[in-house]
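Structure record follows, encoded as structure tokens.
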Amino acid sequence: MNVWCYPAGTPYEDMVKWTKNAGYEGIEPVVDEADLKEKDLKGKWTKIKEIIDSHELKVSSVATGLFWRYNLASSDVKQIEEGLKVVRVMCEVASLLEAKTILVVPGVAIPNVPYEKLIDNMVSSIKKASSIGKEYNVIIGVENVWNRLLAGPLEFKWFLEKVNEDNVKAYFDIGNTLPHSLPEHWIRVLGKDIAMLHAKDFDVRDLRFRPILEGSINWSEVAKAIKEVGYEGFLAIEISPYEGHPYKMVFDVKSALDMIFK
């Protein structure tokens, strides 16, 4: 369960408690802007790890939304440097929490930069991120997002091959493929290159994300594809909480997952 599934400001004690109560095995913390300025990063995240450990949960991975601000595809050297600082902080946090993977958005399209140049910038940035990850024994999980880059599974796989680093894998988000492509195709193409999975549904009728089994994704085919490629890692839920109750969605999604992966 990603911590974004809870209302902003929810204490870790509550998020961890409800995640455990709903029957999940792990939690996915998020690094934010405050962590970039945190003077006692180790102290902060050691306390959080103690809370997580006290409920016998594992940390699946570490996520962030900061790469939309610090664009790794930019031609601005300062932007790249700031983005790589985010990678380093995430790796430090992942190491403290004993997480294997961090989520990295490889870049965001910029109108006045040619597509080929954006790709070259991303390859260079992710190679540098890979070097940082190796210092901490952490996998750089490159996420497929609505960034107007790497829109299909073959192009995404080609990108990973072009980076050609053993600790750079796909952090595949099942819900981010629709309406332009099918998640089961992505899973079968990426196969063993998948380090982590994000899960949410998407409704092609009103073009918005939905809780699992309430959208247009063919979950039986997705589950079949996951089994075919031999993926046995975590599947992290990333869905906004219900307005009516902050914890109801956590239980509903667990019930849906149990039906899909029974």
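Just grab the label-to-label distance for Val77 and Val204, each label 7 Å out from Cα along the Cβ direction, in nm (one decimal).
Here the answer is 4.6 nm between the modelled labels.
I want to verify a result. In a Gaussian network model of the chain, Cα cutoff 10 Å, which of these has the top mean-square fluctuation: Pro211, Pro153, Pro246?
Pro246
Tell me, in nm to one decimal, what length is gained between Glu98 and Glu56 on full extension, where the rule is 0.36 nm per residue of separation less the Cα-Cα distance? Please report the intermediate quantities before stating the final value.
Values: separation 42, 0.36 × 42 = 15.12 nm, distance 1.33 nm.
Value of the extension gain: 13.8 nm.
Around Ser74, which amide H atoms from residues at least 5 apart in sequence, or from another chain, sit under 5 Å from its own amide H, with H modelled in the peptide plane?
Val108
With Cβ to Cβ distances under 9 Å as the rule, what net charge do the other residues near Ser61 carry (K, R +1; D, E -1)? It would help to have the intermediate numbers written out before the result.
Details: positive: Lys100; negative: Glu28.
After counting each charged neighbour, the total is 0.
What is the local net charge at Lys162, summed over the other residues whose Cβ is closer than 13 Å to its Cβ (Lys, Arg +1; Asp, Glu -1)? If you can, show how the numbers build up before the last one.
Working: positive: Lys127, Lys157; negative: Glu116, Asp120, Glu155, Glu161, Glu165, Asp193.
Net charge around Lys162: -4.
Where the centroid of each part is defined by its Cα atoms, how far is segment 132-193 from segment 1-44 in Å?
Segment 132-193 and segment 1-44 have Cα centres spaced 24 Å from each other.
If the viscosity is 0.890 mPa s and the temperature 25 °C, what Stokes-Einstein diffusion coefficient in µm²/s follows for the chain when Rh is the Kirkwood radius over Cα pairs? Don't skip to the answer; put the middle values down first.
Numbers: Rh = 18.7 Å.
My calculation gives 131 µm²/s for D.
With r as the distance between the Cβ atoms of Asn137 and Lys85 and R0 = 22 Å, compute the FRET efficiency 1/(1 + (r/R0)^6) and round to 0.05. Write out the running numbers ahead of the final one.
Values: r = 19 Å, r/R0 = 0.88.
Approximately 0.70, to the nearest 0.05.
Please go through segment 32-95 and write out the GluC sites (Glu not before Pro) that DSSP classes as loop and that have at most 14 other C-beta atoms within 10 Å. Walk me through the numbers on the way to the answer.
Values: sites: Glu33, Glu38, Glu50, Glu56, Glu81, Glu82, Glu92; in loops: Glu38, Glu56.
Loop-located and lightly packed - Glu56.
Report the charge-dipole magnitude of segment 130-262 in Debye, nearest 20, computed about the Cα centre from +1 at each Lys and Arg Cβ and -1 at each Asp and Glu Cβ.
Details: 16 positive and 20 negative charges, 23 e Å.
I would put it at about 120 debye.
Along the charge dipole of the chain, Cβ charges K/R +1 and D/E -1, which of Pro179, Gly152, Trp45 sits furthest on the positive end?
Gly152
Dividing the convex hull volume of the Cα atoms of segment 121-262 by its residue count, what figure in Å³ per residue is obtained? Spell out each step's value before the answer.
On the way: hull volume 17.6 nm³, N = 142.
Output value, Cα hull per residue: 124 Å³.
List the GluC sites (Glu not before Pro) within segment 167-259 that DSSP assigns to loop and that have no more than 10 neighbouring Cβ atoms inside 10 Å.
On the way: sites: Glu184, Glu214, Glu221, Glu228, Glu232, Glu238, Glu243; in loops: Glu214, Glu232, Glu238, Glu243.
Qualifying residues, ordered by number: Glu232, Glu243.
Among DSSP beta bridges lying fully in the chain, give the percent that are antiparallel, nearest 5. Each step should come with its number before you reach the end.
Details: 3 of 24 bridges.
DSSP beta bridges in the chain are roughly 10 percent antiparallel.
I'd like the FRET efficiency for Arg188 and Val30, computed as 1/(1 + (r/R0)^6) with the beta carbon distance as r and R0 of 35 Å, rounded to 0.05.
Values: r = 29 Å, r/R0 = 0.84.
After rounding, the FRET efficiency stands at 0.75.
Around Glu25, with a cut-off of 12 angstrom between Cβ atoms, what is the net charge of the other residues, counting Lys and Arg +1 and Asp and Glu -1?
It works out to a net charge of +1.
Throughout, read-outs are computed from the coordinates displayed, never taken from laboratory work. Values in this document were obtained by computation on a predicted structure and should not be read as measured data. Reconstructed Cβ throughout: ideal geometry from the backbone, glycine too, with neighbour counts over all protein chains shown.
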